[in-house]
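Read-outs: derived from the displayed coordinates by stated rules, not from any lab. Bear in mind the structure is a predicted one, so any value in this text is a computation, not a measurement. No Cβ is skipped: glycine too gets one built from the backbone with ideal geometry, and neighbour counts run over all protein chains shown.
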Amino acid sequence: MFLVENVSCDDVLILLSRQESQFFDFKRKDNFDKMSKTISAFANADGGELLIGIGDPSDLGERWLGYDTIEDANGHVTQLFALFENGAEYINVDFVSAQGRSGYVMRAVVQKTPYIVRAADNKTYRRQNAQDRQVSGSDLHQLELDKGVRSYEDQVTDVNIDELYDSEIYDYFKEAIVPHSGIDAFFKRERIVSERRVRVAGVLLFYDFPQSILAQSAIKVYRYKSISEEGTRNELAFDPITIEGPIYNLIRDSVSKTKEIIEQIPILKEGGFRAIKYPEEAIHEVVCNAVIHRDYSINDYVHVRIFDNRVEVESPGKLAGPVTVSNILNQRFARNKKIVRLINKFPSPPNKDVGEGLNTAARAMQDLNLGGPEIRETDASVIVVLKHEPLASREELILNYITENGSINNSIARRVCSVQSDSVIRKIFKKMMESDLIEKVPGTAARGTRYRSKN
């Protein structure tokens, strides 16, 4: 039995006024090929809702052209379910009836699938804005990478297996894990090599300098003295730091450097500056996830951006398989299955609790009342944001200037802090005076007001 929702005349008008979009479309019931293209497009993108039995917004006359009976739709229901490998797992169908209108409109709600869904014409489509765009060639290959159907970790490189044997990380792994007599058999069993040429997963895991082969596998760390939405070059505290090495070291070194930078920047509290306390496990889990689950076919780095009020970790590639922003804390899927499995064999593996990464980060943040991670997906990446209290970098700059020069005014403070607004600086001065850090220089006023250290 299918659920039937009865709606009012006003609800119908609202329904018919909806605009076709990335996640919504109308289709007539007399052309299964067209509706199957939209179903394929939704499943291969981020899901969506299709109303079948409603004409296009450009149609003249009555647009509500539903099935006479629900039974009349059975053939289409069966055909739609047949497009999916798992039947009804990623598609749900119900019906809508309306006051004053005859017939039933079928509503198909499609979820993002972990596999490619083809339309009735056996071609592949992907939703782009309000269009069902056919995907083929290199775009189809990229869709397979996005879905996790295939992984770039299996790509064969020009690195010969003999080059691994000179790597320190290989020796570390071999001594700790694999019996000496079984290392070649281990690599063959795990499909790390192909005719003595090393696959991407092997280079990333067991080669001391994978960035010489895969430059995009490095991590960039930035420090912006700002709370702006996007950091600018003028707000950089120093040139971006590039961290390289096999991913076992890469995760450890990146987490260590990020924590070091954060904890060098104090927070301005009542009564003065205080050192920030930040959960290392939260940084670790987010960076680890970004490294082991990223799409290595994309020519971009993992970016770690440290702002005055948050840390952002951006990982190349969209969420793979059935994972979405809304279910990421509960859904499990590994784009790079070899990397996830084999790095877990290292001593003290970075992904010790496999599948618990962001959940661990969320708990660590909540323990310090910092709130949970915020997760966003762009067209080509996933960004995880860890929020914290505003850091005192501008206050530090002001105090440093006063220490060296005796006093400071608003215009100088704007230059020192790379801030254009004098109102922003006035608020900082006010906060610093309330904290007994600075005071007005006697005899100065209005535009000539200067400030000095109170201590």
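Stick to Cα atoms and the Kirkwood definition of Rh, then tell me Rg/Rh for the chain.
Values: Rg = 28.4 Å, Rh = 26.0 Å.
Using only Cα positions, Rg/Rh for the chain is 1.09.
Looking at this model, which pairs from 123/188; 337/387; 29/112 are more than 27 angstrom apart at the alpha-carbon?
Where the Cα-Cα span goes over 27 Å, the pairs concerned are 123/188; 337/387.
Kindly provide the pair-distance distribution of region 210-271 built from C-alpha pairs, with 10 Å bins from 0 and whole-percent values in order of increasing distance.
Answer for region 210-271: a P(r) of 19, 41, 30, 9, 2, 0 percent.
FRET efficiency for residue 89 and residue 352, Cβ-Cβ distance as r, R0 = 45 Å, nearest 0.05?
Numbers: r = 31 Å, r/R0 = 0.69.
It comes to 0.90.
Step by step: find N for region 4-134, compute 2.2 N^0.38 Å, then divide the Cα radius of gyration by it. What's the final number?
Details: Rg = 14.0 Å, N = 131, 2.2 N^0.38 = 14.0 Å.
For region 4-134, the normalised Cα radius of gyration is 1.00.
Starting at the first residue of region 150-159, write each ³J(HN,Hα) from the Karplus equation 6.51 cos²θ - 1.76 cosθ + 1.60 with θ = phi - 60°, in whole Hz, x for Gly and Pro.
10, 10, 5, 4, 8, 5, 7, 9, 8, 6
Report the net charge of residues surrounding residue 157, where surrounding means a beta-carbon distance below 15 angstrom and charges are Lys +1, Arg +1, Asp -1, Glu -1.
-2
If each residue of separation counts as 0.36 nm, what is the full-extension length gain between residue 378 and residue 109 once their alpha-carbon separation is subtracted? Could you put the intermediate results ahead of the total?
Values: separation 269, 0.36 × 269 = 96.84 nm, distance 2.26 nm.
Additional length available on full extension: 94.6 nm.
For residue 6 and residue 260 in one chain, what is 0.36 nm times their gap in residues minus the Cα-Cα distance, to one decimal in nm?
Full extension from residue 6 to residue 260 adds 85.5 nm.
Nearest 5 is fine: what % of DSSP beta bridges in the chain come out antiparallel, could you say?
Numbers: 51 of 64 bridges.
Just about 80 percent of them are antiparallel.
For the chain, what does the relative contact order come out to in percent, with C-alpha contacts under 8 Å and a separation of six or more? Please report the intermediate quantities before stating the final value.
Working: 830 pairs, mean separation 52.6, N = 455.
12 percent.
Quick one: 162, 94, fewest Cβ neighbours within 10 Å first, how do they rank? Each step should come with its number before you reach the end.
Values: 162 9, 94 15.
Going from least to most buried by this count: 162, 94.
Among 431-440, 61-70, how do they line up from the highest to the lowest mean number of other beta-carbon atoms within 10 Å? Numbers along the way, then the final one.
Numbers: 431-440: 16.8, 61-70: 14.9.
Ranked from most to least packed, the peptides come out as 431-440, 61-70.
Exactly which GluC sites (Glu not before Pro) in region 154-263 are in a DSSP loop and have at most 11 other Cβ atoms within 10 Å? Please report the intermediate quantities before stating the final value.
Working: sites: 163, 168, 175, 190, 195, 229, 230, 235, 244, 260, 263; in loops: 190, 195, 229, 230, 244.
Counting only loop positions with at most 11 other Cβ atoms within 10 Å, the GluC sites (Glu not before Pro) in region 154-263 are 195, 229, 230.
Given the rule -39500 (n - 2.57) for each run of at least 4 DSSP H residues, summed and divided by the residues of the chain, what is its mean residue ellipticity at 222 nm, to the nearest 500 deg cm²/dmol? Intermediate results must be reported in sequence, preceding the final value.
Details: 15 runs with 150 residues, N = 455.
Taking each H run of at least 4 residues, the total per residue is -9500 deg cm²/dmol.
What distance in nm separates the two pseudo spin-label positions at residue 56 and residue 452, each 7 Å out from Cα along the beta-carbon direction?
It is 7.7 nm.
Thinking of region 152-212 as a set of Cα atoms, what percent of all their pairs are more than 18 Å apart? Could the numbers behind the result be given before it?
On the way: 439 of 1830 pairs.
Within region 152-212, distances greater than 18 Å cover 24 percent of Cα pairs.
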